[in-house]
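Structure, as structure tokens:
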Amino acid sequence: MNPEITNFIGSVKKIDIAAQLFKNGDFDFIVKGIGRSGKVEFHEKQRQALEILTSNKYKKFVYGGAAGGGKSWIGCSWLLFMCINYPGTRWFVARNELKDIVDSVYVTFTKVCKEYGFSDYKFNSVKNFIEFGNGSFINFVEVKYKPRDPDFTDLGSTEYTGGWIEEGGEVNEMGATILGTRVGRHMNLEYGLTPIVFITCNPAQNWIKIDFYDKFVKKSLEKTKKYLGALAEDNPFLPQTYIDNLNELSSKSKSAFERLKKGNWDYVDSPDALVDRDALDVIFENDHVPEGEYYLTADVARYGSDKARIGVWRGWVLVDKISFDISKTTDIEHAIRNFRIKYRIPKTRCIADGDGVGGGVVDGAGIRGFVNGARPIKERTPKGLEMPEYKNLQVQCLYKLAEIINEGGIWIKAECSNEEKQQIVQELFQIQSKNTNNRKLDCKSKADIKQDIGRSPDWRDLIMMRVWFDLKPSKPKFMGSRSRNTV
């Protein structure tokens, strides 16, 4: 062989060949290897994922469905070669906790670099970013929800070419949304790159299920979004012991087995759940529940971030409802008045949350106010009226609501869309106990629920307030004057 050709071949680095193959859409060098069978195999789900990520067709892509699908390796490989092939671009890796990016994602990233012979990068452990020799960057971003910063202003205004949200189910929906507004703003036009947010996750009852998986199943997923499921069996390179460990979950945790081994998005189970799932699934069919007196409950949107919902009840049958995406307090007061007139509901049987904006509605409509943090209402026991051991009124009502649901005592008769039904079931399943250091019973907080499902549990609150009328101290009915003819 010509010495010049030999010298040229000898000067070509493994990473240069890999980068060119990646740019050409040839991903065999990533998805090919010796599988569990002892033969050469290909991880076809990883190939599909890489084809989607580099197709320039999608702006959001969810890859997941079970443990062991090779999600982290693909995320790190994708970012590595995008940074190499497109000098000066800027990307992010986001997780709920920064330390998890450093302890997990970065470790995998170093393994990927070693596999393909790449070393031209530096990790800044103070500012938490990876800098490439060609000027590309990968920033590590914490997307943890903080009550003091509900709009995630801490994420700043950094502009990115694209990015990856790892363990997306742990990330608050608002945080993910804000990150999505940051991509497509750094050298995308120069390189002709469609901005994309790559999301890897395992099945859970959260915003990803609603925004991606459910729509994927219904074939209504937006054209700019993509979902691809992957199971452990799809990964031919996983050791058999890993799969065996997943199978052992069937005898230890049915929930974990269904989600992590079978990739079942629809299976939900929680040792802290106060509501029986079977009882919850039929609340729209409980036509045995008798109708009674009319009541009205209203959950008022706070600071314009939540939805305002108003419901009309006949006993424990929800017969009518209305929701507002954006509303003034006067709009809500007007809607309450219209419902009251239509169904002839006295103000004494109407209640709205009295916190924040709701206080203005309570005053304006002249109805009762529900204060979440108020003391519980005394309950009748064999010893008489006693103060129950609940943290506050809201927790008391949630526990009582769970009992009513489990006993089949509630019927959501009002017309609801399929999406609304899913939201109601999801929010009511979030009625879960919470461990405390004192004797008081507590429930999963609204902040934790919002982080898990990506929205405020407005339906839950609307339904929960109906319990107040069952708990309020009863007063003797006015019998009128005794007849003079009565002996």
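Derivation of every value follows stated rules applied to the coordinates shown; laboratory data play no part. In this text, all values refer to a predicted model and were calculated from it rather than measured experimentally. Ideal geometry is used to build each Cβ from the backbone, glycine not excepted, and the neighbour counts take in all protein chains shown.
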Item checked: Distant-in-sequence amide H partners of Phe370 (H built 1.01 Å from N, under 5 Å) -> Ala352, Asp353, Gly354
Next item on the list: Once you have all Cα-Cα distances for the chain, histogram them in 20 Å bins from zero and send the whole-percent values.
Entry: 20, 45, 26, 7, 2, 0, 0
Notebook entry, point to check: Tell me, what ³J(HN,Hα) does each residue in the range 452-463 have, in order and in whole Hz, if you take phi through Karplus 6.51 cos²θ - 1.76 cosθ + 1.60 with θ = phi - 60° and put x for Gly and Pro?
Noted result: 6, 9, x, 7, 6, x, 5, 5, 4, 5, 4, 6
Next item on the list: Could you name the lysines whose alpha carbon sits less than 18 Å from that of Lys146, not counting residues in the same chain fewer than 8 places away?
Entry: Lys99, Lys444, Lys446, Lys450
Check: Summing -39500 (n - 2.57) over the DSSP H runs of n ≥ 4 in the chain and dividing by its residue number, what mean residue ellipticity at 222 nm do you reach, to the nearest 500 deg cm²/dmol?
Finding: -9000 deg cm²/dmol
Note to self: From the phi angles alone, apply the Karplus equation (6.51, -1.76, 1.60; θ = phi - 60°) to the range 408-417 and give each ³J(HN,Hα) in whole Hz, x where the residue is Gly or Pro.
What the structure shows: x, x, 10, 10, 8, 8, 4, 5, 10, 6
Note to self: Below 8 Å between Cα atoms, with a sequence gap of 6+, how large is the relative contact order for the chain in percent?
What the structure shows: 14
Next item on the list: Return Val217, Val40 ranked ascending by Cβ neighbour count within 10 Å, so the fewest neighbours appear first.
Entry: Val40, Val217
Next item on the list: Provide, for q = 0.08, 0.11, 0.17 Å⁻¹, the log10 of I(q)/I(0) from a solvent-free Debye sum over equal Cα point scatterers in the range 8-261.
Entry: -0.31, -0.60, -1.47
Notebook entry, point to check: Rounded to the nearest 0.05, what FRET efficiency do Arg277 and Glu190 have when you use their Cβ-Cβ distance and R0 = 56 Å?
Noted result: 0.65
Check: So how do 440-449, 150-159 stack up, highest first, on mean other-Cβ count within 10 Å?
Finding: 440-449, 150-159
Check: Along each of its three principal axes, how wide is the spread of alpha-carbon positions in the range 277-471, in whole angstrom units, largest first?
Finding: 42, 37, 35
Next item on the list: Give the relative contact order (percent, whole number) for the range 277-471; include only Cα pairs under 8 Å separated by 6+ residues.
Entry: 25
Note to self: Can you give the local net charge around Lys215? Use residues other than it whose beta-carbon is closer than 12 angstrom to its beta-carbon, Lys and Arg +1, Asp and Glu -1.
What the structure shows: +3
Notebook entry, point to check: Near the amide H of Gly162, under 5 Å away, which other amide H atoms are found, from residues 5 or more places off or on another chain, if H is placed in the peptide plane?
Noted result: Arg90, Phe92, Gly184
Margin query: Please report the antiparallel percentage of DSSP beta bridges with both residues in the chain, rounded to the nearest 5.
Written below: 45
Notebook entry, point to check: Which order do Thr177, Thr241, Thr297, Thr329 fall in if you start with the one that has the fewest other Cβ atoms within 10 Å?
Noted result: Thr241, Thr177, Thr329, Thr297
Margin query: Taking the number of other C-beta atoms within 10 Å as the exposure measure, put Phe140, Phe469 in order starting with the fewest.
Written below: Phe469, Phe140
